[in-house]
1. Could you pull out the longest piece of the chain with no exposed loop GluC sites (Glu not before Pro) in it, calling a site exposed if DSSP puts it outside H, G, I, E, B and it has at most 16 other Cβ atoms within 10 Å?
2. When the accessible area of the stretch 163-226 is computed with all protein chains present and a 1.4 Å probe, what percentage of it is carbon and sulfur?
3. Within the chain, what's the longest run with no trypsin sites (Lys or Arg not before Pro) in a DSSP loop and at most 15 other beta-carbon atoms within 10 Å? Give the range, please.
4. So how far apart, in nm, are the two label points at residue 39 and residue 212 if each is 7 Å from Cα heading toward Cβ?
5. Check residue 177: other-chain or 5+ apart residues with amide H under 5 Å from its amide H, H built from backbone geometry?
6. How about residue 77: which lysines have a C-alpha closer than 30 Å to its C-alpha, ignoring those fewer than 8 places off in the same chain?
7. Looking at the stretch 1-139 from every direction and averaging, what is the projected area of its Cα convex hull in nm²?
8. Helix check for the chain. Which DSSP H runs span at least 20 Å along their own axis by Cα, with a mean Kyte-Doolittle hydropathy no less than 0.5?
Amino acid sequence: MSTTTLVFDETVRNRFSPRSFLPTPLTEEQIYQVLSDAQYSPSNCNTQPWHVHIASGKAKDTLGQAMIQKDMEGLAKPDFSFDYADFYGDYFTRSQEQARMYYEALGVAREDSTKRHEAYLRNFRFFGAPHAAFLFMPSFGDNVRVASDIGMYAQTFLLSLAARGYAGIPQTLLGFHADTVREILGVSEQYQLLFGISFGYADPNAPTHHVRMKRIPVNESVTFHD
Ligand SMILES: Cc1cc2nc3c(=O)[nH]c(=O)nc-3n(C[C@H](O)[C@H](O)[C@H](O)COP(=O)(O)O)c2cc1C
């Protein structure tokens, strides 16, 4: 298994969100290396507010089953709101394109609601990944800054996975049943669940493996001032 690390520009461009993983687990040491990298993330006033729970094996299976059960009962209760309907304009168009490419790669037709639901539920099966990290945070003020710290941590975690030949996908949906996850993992209500990351080895033979989301040009995101 890969122990060499990629150079930075390769790492950034090689990273992608796989939606199918091999069952092969990482070793404890491999996971620890990634966690050690992520620990170097910047945070507001160096508060380091990330509280991370890694679920593997039985714990991960129990979580997956419980989240699917809750979801079937229509009991989504994330700590932070999420609604596709909030997207508008270009943001909405990009989100639609992302969904279209995913379902197309899976061969699921737009009107096939049963298969689309099945594809959605794959989130709670961690896309077959052997591990999932649940990213919890304390609550400070309106939580915007602490959430951005968790984002910093997540990106370092994802880039470390990519550099080392592993892969991960951040998932808002893993935060949809926050109470259930807290209960199963024994996490205090003091900590809120922002999202989760399924990780392991990407499955190179999966139909979704070659899906790569495009990026808009730099000049559409950045305004220069002299
Ligand atoms: C905070 C966050 C939450 C996400 N939640 C989900 C999710 O619940 N399910 C999913 O399939 N993808 C999820 N994604 C993955 C995005 O769709 C993906 O990052 C985006 O389409 C860009 O593709 P790339 O990561 O392959 O470059 C999430 C990404 C981020 C950053």
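The values are calculated or read from the model by the stated rules, or taken from the named source; none is laboratory data. Just so we're clear, the structure is a prediction, and the values are computed from it rather than from any experiment. Ideal geometry is used to build each Cβ from the backbone, glycine not excepted, and the neighbour counts take in all protein chains shown. To get the accessible areas, we keep the full protein, side chains included, count just its heavy atoms, and leave off ligands, DNA and RNA. Shrake-Rupley method; radii C 1.70, N 1.55, O 1.52, S 1.80 Å.
1. 112-188
2. That fraction is 50 percent.
3. 1-109
4. The modelled label-to-label distance comes out at 3.4 nm.
5. Residues meeting the amide H criterion: 77.
6. Candidates past the 8-residue exclusion: 58, 60, 115.
7. For the stretch 1-139, averaging the hull's shadow over all directions gives 11.5 nm².
8. For the chain, where a helix must reach 20 Å along its axis and average at least 0.5, the hits are 144-163.
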